[in-house]
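In what follows, a structure is listed as structure tokens, so that the remarks can point back to it.
The values are calculated or read from the model by the stated rules, or taken from the named source; none is laboratory data. Nothing here was measured: the structure is a model prediction, and the numbers come from that model. As a convention, Cβ positions derive from the backbone with ideal geometry for all residues, glycine included, and neighbour counts pool all protein chains shown. Quick note on the areas: whole protein, heavy atoms, side chains included, nothing else; ligands and nucleic acids left out. Shrake-Rupley method; radii C 1.70, N 1.55, O 1.52, S 1.80 Å.
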Amino acid sequence: MAEPSARLYLVTPLLTDASLAPRLAEACAGGQVAAVLLRLGSADERSLINQVKALVPSVQEAEAAAVIAVEGEADLAAIAARGGADGIHLSGSSGRIKELRDRLKTERAIGVGGLRTKDDAMTMGEAGVDYLMFGEPRPDGSLPSLDTVVERASWWAEIFETPCVVFAPTMEAVTTLAGTGAEFIALGDVVWSHPEGPGKAVAEAATLITAQEALS
């Protein structure tokens, strides 16, 4: 099967330990996963660094990038650097992007989500982030409409060079989102709750992307 041009970006549940590591390795083993966002619960910095160290090998050994996000206040740059992560993910404000870029240089990626408007997206793009994410669950767990996400991702992918990630809330949505031109399609609970395991979910999503792109 030819590798689809849109790659997969997996988003973990909120993690408080490293017990997901074996399932991360299973999910990434098929080679279609470009990156994994490790969502870490609030903890002290030493605990977070140790958690990242325990999780990232399962991702990086499959040649995927391990990106971290942390609930609450945390020194993401230090945790990523000391834990060996490939990047960090922020939500909302652009105020920290310049400071983080100065600290991380080009050694680690900076991604951003939680973008409410097109102006927010353009501001973040101008701030120098490495990717933008559209359509991920809001803090209260609700989701924007799929039509809105399709429109936003299609607009961004057509006009701007900074890559975008588009979040698929269901496996069925993968087909629709593969037509937006987004470089990455994100999957969350649909992978980790798949009845046949995360590896099967990743393979299924990759097949849907390939089938949609064959029609384009």
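Might you let me know whether region 176-185 holds any residue that is surrounded by fewer than 16 Cβ atoms within 10 Å (Cβ to Cβ) and within 17 Å of the chain's Cα centre (by Cα)? Taking every residue of region 176-185 in turn, none turns out to be surrounded by fewer than 16 Cβ atoms within 10 Å (Cβ to Cβ) and within 17 Å of the chain's Cα centre (by Cα).
Listed by first and then second residue, the pairs with beta-carbon distance under 6 Å, at least 6 apart or on different chains, first residue in region 93-122 and under 19 Å from W156 (Cα atoms), second hydrophobic (A, V, I, L, M, F, W, C) and in a helix (DSSP H, G or I), are S94/M124; S94/A127; I110/L100; V112/M124; L115/A121.
Got a sec? Which of D86, D44 is of a type outside the set (K, R) and farther than 30 Å from T210 by Cβ? Result: D44 is the single residue among D86, D44 that is of a type outside the set (K, R) and farther than 30 Å from T210 by Cβ. With a cut-off of at least 1 residues that are open to solvent by less than 20 Å² (accessible area, probe 1.4 Å) and under 26 Å from A201 (Cα atoms), name the helices (runs of 4 or more DSSP H) lying wholly within region 13-99. Here the list reads 21-28, 45-60.
Among the residues making up region 131-151, those that are open to solvent by 60 Å² or more (accessible area, probe 1.4 Å) and among the acidic types (D, E) are D140, D147, E151.
Of all residues in region 100-138, those satisfying the criterion of being in a loop (DSSP other than H, G, I, E, B) and more than 16 Å from the chain's Cα centre (by Cα) are K105, T106, E107, R116, T117, G128. When you check S154 against the structure, is it out of contact with any helix residue (DSSP H, G or I) (no Cβ under 9 Å at 6 or more places or on another chain), open to solvent by less than 60 Å² (accessible area, probe 1.4 Å), over 22 Å from G31 (Cβ atoms) and outside any helix (DSSP H, G or I), yes or no? Criteria not met by S154.
Taken residue by residue, region 24-45 has at least one member that is in contact with a Leu (Cβ under 7 Å, 6 or more places away or on another chain), modelled with pLDDT under 95 and under 30 Å from T175 (Cα atoms).
Restricting region 203-216 to residues that are in contact (Cβ under 8 Å) with a residue 60 or more places away in the chain and touching a helix residue (DSSP H, G or I) at 6+ places or on another chain (Cβ under 8 Å), the residue that is surrounded by the most Cβ atoms within 10 Å (Cβ to Cβ) is A205.
Residues of region 186-202 that are in a helix (DSSP H, G or I), surrounded by fewer than 17 Cβ atoms within 10 Å (Cβ to Cβ) and either in contact with a Pro (Cβ under 6 Å, 6 or more places away or on another chain) or of a type outside the set (K, R) (or both): D189 alone.
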